[in-house]
Amino acid sequence: MMELRKTLAGRIALTAVATIILLFLALPIVVILVTSFSNNAFAAFPPEAWTLNWYKALFADGSKWPAALSLSALVAALSTVFSLIIGVTAATALTRSELPLRSAVFALVLGPLLIPQIVTALGLFLLFEPAAMLGSPIAIALGHTVLAAPIAVLILIATLRGIDERLEDAAASMGAGRLTIARKITFPLAAPGMIAAAIFSFITSFDEFYIAQFLSSVDTVTLPVRVYNSLTFEIDPSVTAVSALLTAFAILALGLVALVRWIGSGRQQSLLSVENTVGVANPGGDAV
């Protein structure tokens, strides 16, 4: 690989291969975006003519899409809150404390990501059905938290490990308590990671299908379940418009994550430069 990069032909070949792979990965998204503007009621590709009718139909009177969108947003918001609470707690315990059996706890946290989602969905159905919670947004949000929380934990662990502990040591040497350090140093620096964890948790819940399918009812149908029902039981070309909007939302969310992470890295570098200039004060008041 290194030899290929040293020659012009090698660089061209690597660029061509990378471009082909990226185009292949992006092709389904492009097809959905283009098809959403087709005037064909059967969502044919390529379009013979262009229209915005399917986007207008999403919010027309009697449309079922706004209710599904609202429910998905509510469930995703609740799941995000639950995931952040679990994520901050678990990540702090795994990175800032001498937790016994740390590897076992870490494996337990990641367990839901390794288990097939349909198995998790079935287990949650058997858990909530006796409690008469099927169709409850809380139940669906708790189910989605099982999948979203591990992602939040991973992001926050990486975030906390990326924070230079010299900043916390500097605050501790000046007499700050652990809560003060967390409130004034750790959490502000971890804010970009917390925002990224919140965004990914929201997207995970918003796009999840299996758990929502098992835990939903006739009156509580999330957006992915509504998409599935529209494809299975009826021919609704508005599905392509919904898919296009979901794709655009995901792209904007990823762009926001990148922006937040970039701003956060700049803040930590500025604090480190201040610390290196001033020095770390020891308990006697002298600069180290």
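Under the criterion of Cα pairs below 8 Å and six or more residues apart, the relative contact order for the chain equals 26 percent.
Roughly how compact is the range 98-192, stated as its Cα Rg over 2.2 N^0.38 Å to two decimals?
Details: Rg = 18.5 Å, N = 95, 2.2 N^0.38 = 12.4 Å.
That ratio works out to 1.49.
Calculate how large, on average over all directions, the projected area of the Cα convex hull of the chain is; give the answer in nm² to one decimal. Kindly include the intermediate steps, with their values, before the conclusion.
Working: hull surface 89.9 nm².
Directional mean of the projected Cα hull area for the chain stands at 22.5 nm².
Which trypsin sites (Lys or Arg not before Pro) in the range 48-154 sit in a loop by DSSP (not H, G, I, E or B) and have at most 16 other Cβ atoms within 10 Å of their own Cβ?
When the trypsin sites (Lys or Arg not before Pro) of the range 48-154 are filtered for loop state and at most 16 Cβ neighbours within 10 Å, Lys64 remain.
Compared with the dominant principal axis of the Cα atoms in the chain, helix 117-128 is inclined by about 90°. Exposed loop sites, defined as chymotrypsin sites (Phe, Trp or Tyr not before Pro) outside DSSP H, G, I, E and B with at most 12 other Cβ atoms within 10 Å, are absent from the longest region of the chain, namely 60-288. The alpha-carbon atoms of the range 1-100 define a convex hull whose volume equals 216 cubic angstrom per residue. About the centre of its Cα atoms, the chain shows a dipole size close to 560 debye [charges on the beta carbon of Lys, Arg (+1) and Asp, Glu (-1) only; nearest 20 debye]. Toward the positive end of the charge dipole of the chain, with +1 on the Cβ of Lys and Arg and -1 on the Cβ of Asp and Glu, the farthest Cα among Ala241, Phe24, Val119 is that of Phe24. Packing, taken as the mean count of other beta carbons within 10 Å per residue, orders the peptides 183-189, 236-242 from highest to lowest as 236-242, 183-189.
Coordinate-derived values only; no laboratory data. Being a predicted model, the structure only gives us computed values, none of them experimental. Cβ: placed from backbone, ideal geometry, glycine included. Neighbour counts: every protein chain shown.
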